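The values are calculated or read from the model by the stated rules, or taken from the named source; none is laboratory data. In this text, all values refer to a predicted model and were calculated from it rather than measured experimentally. With ideal geometry, Cβ positions are generated from the backbone for all residues, glycine too; neighbour counts draw on all protein chains shown.
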Amino acid sequence: MLIALLLTAMLLAVLVYAVALARVVLARRVGLNLEAIGLGAVVNFFDTLGIGSFAPTTAWLKFRRLVPDRLIPPNMVVGLTPPAMAESFIFMNFYAVVVDALLLAGCALAMFAGGVLGAPLVARARVWIVQLIVAIGLALAAAAYAMSNLGWFPAGGTAAGLPLGLTLVAIAASFGFGILANFGVGNYAPTMAMLSLMGMDPHLCFPIMAAGACLMGAGASVRHIAIGEIDLRIVLALAIGGIPAVLVAAFIVKEMPIDILRWLVFVVVVYASAIMFRAAYLCRQAERTDVSPVAVS
């Protein structure tokens, strides 16, 4: 019953997102950024295989200066949501019948609530705060890449569900992950680490992460589209490039050795994190030294 309700909510989320995005795209006759199409294809292909998409996308958008720093998170959330939706239905089809229904539905819906709440927060936040949070998120993602390659990432157990107490903890944490996603902090790595430490089978974490990303992305994206601080050329291109890449990765490639790639991404993300930390520091210093002019009568 809970799984059926969750699937219904996901389908509704896809519809609401599609209508909201289509209305503004058609009204403004938006073109496409070809570079962002390639970016969407690459990051979402490897996201489906377990690399993650938020950190490398953030790094590329920062290096190429495709959007201002403060607007990297909302553009990324809106643009990467359609590929995440495709992933969610794929992983739900593979694993949903095995995962505890309360844990799956509870975490996904909590992430949705966090995503909706977090969207206006990032829109109102000062530039240096967004830069700082993004920098921290990149640093944590780099740590996750290194831990995965060194075998230090939580190995997990064989459980398909958790005791009620741990289930409630996971649901509460998912709400926080939904808020942080609006600031460019991906939910896959922290969710995987948390559930693995609690004894979950890592493979069974994927439908939880993906369903949460689907609902969170839809809820947050509708808010970001309404706020209007997104580059629709980037958003649309990320989505168009990402969906076919997800399908290829999930149904054709399925798995491949990615340790070397993960180290390359680690280096790039560490550098991007350092650059973003520096930008946040400089922006904060400029804000502190900015003196408003005094009116002369």
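Does VAL43 fit the bill of being buried (at least 21 other Cβ atoms within 10 Å of the Cβ) and in a loop (DSSP other than H, G, I, E, B)?
Details: buried (at least 21 other Cβ atoms within 10 Å of the Cβ): yes; in a loop (DSSP other than H, G, I, E, B): no.
Judged against the criteria, VAL43 is not a match.
Remark: LEU166 matches the filter, which requires a residue to be part of a helix (DSSP H, G or I) and surrounded by fewer than 19 Cβ atoms within 10 Å (Cβ to Cβ). Of everything in the stretch 143-163 that is over 17 Å from the mean Cα position of the chain (by Cα) and free of Cβ contacts under 8 Å to residues at least 40 places away in the same chain, the residue that is surrounded by the most Cβ atoms within 10 Å (Cβ to Cβ) is MET147.
Somewhere in the stretch 80-87, is a residue among the hydroxyl-bearing types (Ser, Thr, Tyr), touching a Phe, Trp or Tyr at 6+ places or on another chain (Cβ under 9 Å) and within 19 Å of MET216 (Cβ to Cβ)? I'd like the intermediate steps shown before the answer.
We begin by selecting, within the stretch 80-87, every residue among the hydroxyl-bearing types (Ser, Thr, Tyr); these are 81.
Restricting the remaining residues to those that are touching a Phe, Trp or Tyr at 6+ places or on another chain (Cβ under 9 Å) gives 81.
Going one step further and asking which of them are within 19 Å of MET216 (Cβ to Cβ), we end up with 81.
There is at least one residue in the stretch 80-87 that is among the hydroxyl-bearing types (Ser, Thr, Tyr), touching a Phe, Trp or Tyr at 6+ places or on another chain (Cβ under 9 Å) and within 19 Å of MET216 (Cβ to Cβ).
Of all the residues in the stretch 69-93, those that are over 22 Å from VAL134 (Cα atoms) and of a type outside the set (A, V, I, L, M, F, W, C) number 3. Scan the stretch 198-227 residue by residue and report those that are of a type in the set (Lys, Arg) and closer than 20 Å to ALA86 by Cα. Matches in the stretch 198-227: none. Close contacts from the stretch 21-39, counting a first residue that is without any contact (Cβ under 8 Å) to a residue 24 or more places away in the chain and a second that is not charged (D, E, K, R), with Cβ to Cβ under 9 Å and a gap of 6+ residues or different chains, come to ARG23/ILE225. Cβ separations smaller than 7 Å between residues 6+ apart or across chains give no pair from the stretch 251-272 residues that are at positive phi to residues that are buried (at least 18 other Cβ atoms within 10 Å of the Cβ) and in a helix (DSSP H, G or I). Among the candidates LEU104, LEU61, LEU66, the residue that is outside any helix (DSSP H, G or I) and out of contact with any Lys or Arg (no Cβ under 8 Å at 6 or more places or on another chain) is uniquely LEU66. Can you tell me which residue is nearest to the chain's Cα centre (by Cα) among those in the stretch 184-205 that are crowded, with 23+ Cβ neighbours inside 10 Å and not in a helix (DSSP H, G or I)? Selected residue: GLY186.
Within the stretch 199-210, residues that are under 16 Å from SER148 (Cβ atoms) sit with their Cβ atoms under 9 Å from residues that are in a helix (DSSP H, G or I) and among the charged types (D, E, K, R), at 6+ positions apart or across chains, in these pairs: PHE206/GLU87; MET209/GLU87. Look at (1) touching a residue at least 24 places away in the same chain (Cβ under 8 Å); (2) out of contact with any Ser or Thr (no Cβ under 6 Å at 6 or more places or on another chain) and you find that ALA139 fails only one, number (2).
This table checks each residue for (1) of a type in the set (A, V, I, L, M, F, W, C); (2) touching a His at 6+ places or on another chain (Cβ under 6 Å); (3) surrounded by fewer than 22 Cβ atoms within 10 Å (Cβ to Cβ).
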| position | (1), (2), (3) |
| --- | --- |
| PRO207 | no, no, no |
| ALA226 | yes, no, yes |
| LEU238 | yes, no, no |
| LEU247 | yes, no, yes |
| ILE252 | yes, no, yes |
| ILE260 | yes, no, yes |
| ALA272 | yes, no, no |
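The set of residues in the stretch 28-79 being among the charged types (D, E, K, R) and at pLDDT 95 or above consists of GLU35 alone.
Here is a check on your reading of the model: is ALA108 within 19 Å of ALA173 (Cβ to Cβ) and not acidic (Asp, Glu)? It is true that ALA108 is within 19 Å of ALA173 (Cβ to Cβ) and not acidic (Asp, Glu).
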